[in-house]
1. Being on the phi < 0 side of the Ramachandran plot and in a loop (DSSP other than H, G, I, E, B) is the filter; apply it to region B:63-77 and report the residue that is surrounded by the fewest Cβ atoms within 10 Å (Cβ to Cβ).
2. Taking the criterion of being touching a Pro at 6+ places or on another chain (Cβ under 6 Å), among the polar types (S, T, N, Q) and not assigned by TED's automatic domain parsing to the domain that holds A:M105, would at least one residue in region A:260-276 satisfy it?
3. Only one of (1) among the hydroxyl-bearing types (S, T, Y); (2) buried (at least 20 other Cβ atoms within 10 Å of the Cβ); (3) over 24 Å from B:F79 (Cβ atoms) is not met by B:Y280, so which one is it?
4. Mind checking whether some residue in region B:214-232 is in a helix (DSSP H, G or I), out of contact with any helix residue (DSSP H, G or I) (no Cβ under 8 Å at 6 or more places or on another chain) and within 14 Å of chain A (Cβ to nearest Cβ)?
5. Does B:I51 satisfy the condition of being surrounded by fewer than 20 Cβ atoms within 10 Å (Cβ to Cβ), touching a Ser or Thr at 6+ places or on another chain (Cβ under 8 Å), of a type outside the set (D, E) and at pLDDT 90 or above?
6. Taking into account only those residues within region A:11-26 that are assigned to a helix (DSSP H, G or I) and loosely packed, with under 10 Cβ neighbours inside 10 Å, which is modelled with the lowest pLDDT?
7. Considering only residues that are farther than 24 Å from B:Q22 by Cβ and either more than 8 Å from chain A (Cβ to nearest Cβ) or not polar (S, T, N, Q) (or both), which ones fall in region B:255-288?
8. Of the residues that sit in region A:207-224 and are under 21 Å from A:E311 (Cβ atoms) and touching an Asp or Glu at 6+ places or on another chain (Cβ under 7 Å), which one is nearest to the other protein chains (Cβ to nearest Cβ)?
Amino acid sequence: MRIKILLLCLFLLLLTGCLPSNIIDDILMVEAEGYDYLGKGQIMGTATMPNYVESGNPGSQGAGLPSTAAMMRYISGVTYDGKSLVDKFQPEGQRQLKIGKIRVMLFDDKLARHGLSKQLDFRNRDPDTPRDLTLAVVEGSTREMLTAADYQTQIPVSRYIQDLIQQNSQQNYPDSDLAQILYSYYGEYMDAFMPIIQKQGDHLALVGVAAFKKDKYVMKIDGDDVFVFKMLFQPFDQGVYDYEFARGKHIALRNVHTSASFKVRNGNSSSPDIYARVKISAQVRQAFPGSISKKNADHITKLLNRHLEWEARQLVHRFQTYRVDPLGLGNTVRSFTYRFDGHSWPDRYPHARFHCRVNVNIVQTGISQ
Amino acid sequence: MALNKINETHQLGPMSSFFLIQVTQIGIGFFSFQQPLSRFSAQDAWVACLIGGLSSLGVMWLILRLLENEHKYGRADLFSIHTRIFGKWIGGVLNLATIIFFMLYAAIYLRSYIEILQVWIFPQLSILVFTALFCLLIAYIVLGGMRTIGGIFLLSFVYMIPLYAETVFAVPGAHFSNLLPLFDHGPKSLLLSVFYSIHIYLGSEMILFYYPFIKHPEQAKKWCYFALLDTLFIYLMIMILGTAYFSQGEMKLTIWPTVTFWKSITFPLFEHVDMINIVYMIWILLPSMALSAWIVSRGIKLTFPVIRQKYALIFVLAVFIVVAEIVYNGELVATANALFSKLGFCFNYIYIPLLLLCQWIVKKVKGEPA
């Protein structure tokens, strides 16, 4: 019996080390990938990885690694569209490249306009890709954005970009991680969108949202319109909307809560009616002196309602002319329509009538009158 | 006239039937069932899921009737029923068929799990080494007897609770308007989905074999139904969440929707919840495999009394290893799973009612036992 157990233990010992292990100090974790389109199906790919080598311990003599022993920071090279950059760059990698914790994927606007179907298919197929991966379109070169050394911040640029986008998607920008993009890209009667970022001197800035038709970037939603887009797209609670109610006179509202509800009539007719009701509870952040008080809040609110309704209709109208549907209005119509006629929807979408009612409720106007 | 009465020291309490049934029902289908269900009835797949689950209650009623009727004649399990009703030879052949069915079923089950491990985490995983190790574990459990197996089932049930609870983290990403419009599919597409939902509820029929090992079976009855309702609840939740989380176009492309939505759950320092969960799911595999190995080895012992259960078990485990090796790619795994879900359907929904009928006829012809 004892011999049997001994044999069993031996057997177990022999089995260790059968599978390759990934120790965090011994791999290069790719955290950001950037793709620049060169034309004719060729792309310039860039991958960056953070440095996990500990710096030399100043107190001890020669112990630890010298602070100069940094590992490589980025690789870039030319390959075909849709190629896994990790596989492509492995021959240049100092250590094994791993994709499991990738944070950011960037596409320059040329590639986005050319189409991302190969990239998205690859990301949907790969079990290692996390679904909270941030995707973005870059105005300018992604290679320059990822390899520039003149940022104000010292943290790796991949985290800088992800922080920027993730914290903004708590506010004015809509959620757009990989899960959301795959949902709307593969889903029927809706289209994907991604935030657009730009390198402005020594920092990065979000400059709008790129609306996709299938896999191609066709329309840009400007930074000013993003609030209106988000209020129709999802409930949120930390956005800021700046309203110019007369020339040179602004009111800025911070919304406490916003939600939109939809109703659809005649979903199978040639021009379906979509009714959106948006409720915004907001507080006044800044106001033109004397423009708002508890007494005349109603007046401003009415103006604001009309204005936001108009903006929303304009935005949807632009979507309809470009035939893109980042709001998923088609899916909304589907969910309200029995026996929904999906085949003719792309032809009916531009003729859909969008009605919007906005109801702003100013909960407070600040601590002074 | 209690022939071959099981010694009370080997029996399980009535409540064990809850764990045994619930855990055997939740199987490899848990990872992937949303996709085939929503193929035919899109957003109404949860209705199919519900109907499938309720029909499993009906099957359980039939099974319990069958076993209770048999109780008067001696040991109430499927092997004894076969030999009593159909005689030694035909009954023996049926027993053999049952043994082979459950043996292959368990082997394919094991192989499907290995496939998921290979696809998601360890592409280099050797099937032989894994199955060999796993079979050692199963041998250890089965040699401990029915009580050890029952204990493993209890542990498995407890261990799985956080896994089900954790799916709540996928709720913020869900779009519940996907479930609308309700009931937009005709009976035909709904029934097709119900047919595909049957295989996720399979496993409860194993009570046909361990029923004599349950103490006070009349008290165990309600636990059997509770177990079925619990499974129904879990599957229904996962189905509704899956429909809300994925768009239909995305669902068509996703082979393992459950794992994919685990993928979107992340914690700091705990980035890939999907991988942890997949490995954790070995606890759903282990008890069912142990029970199947026990059933098959016991079946061999009862059918061929010369073979002792210990040696039968070695043979069974060897078959597991060989079958897992033979099924060499994902395509074959899918084919085998489709085949076994159809066979399982036939077993539960056609064979068991027929058996009940035969039992009734025999009772009418031969009369009540003395």
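1. B:K72
2. yes
3. Of (1) among the hydroxyl-bearing types (S, T, Y); (2) buried (at least 20 other Cβ atoms within 10 Å of the Cβ); (3) over 24 Å from B:F79 (Cβ atoms), only one is false for B:Y280: (2).
4. no
5. Criteria met by B:I51.
6. A:L13
7. B:I255, B:K263, B:F267, B:P268, B:L269, B:F270, B:E271, B:H272, B:M275
8. Checking each candidate, the answer is A:A211.
The values are calculated or read from the model by the stated rules, or taken from the named source; none is laboratory data. All of these numbers come straight from a predicted model, not from anything done at the bench. Neighbour counts run over all protein chains shown; Cβ positions are idealised from the backbone, glycine included.
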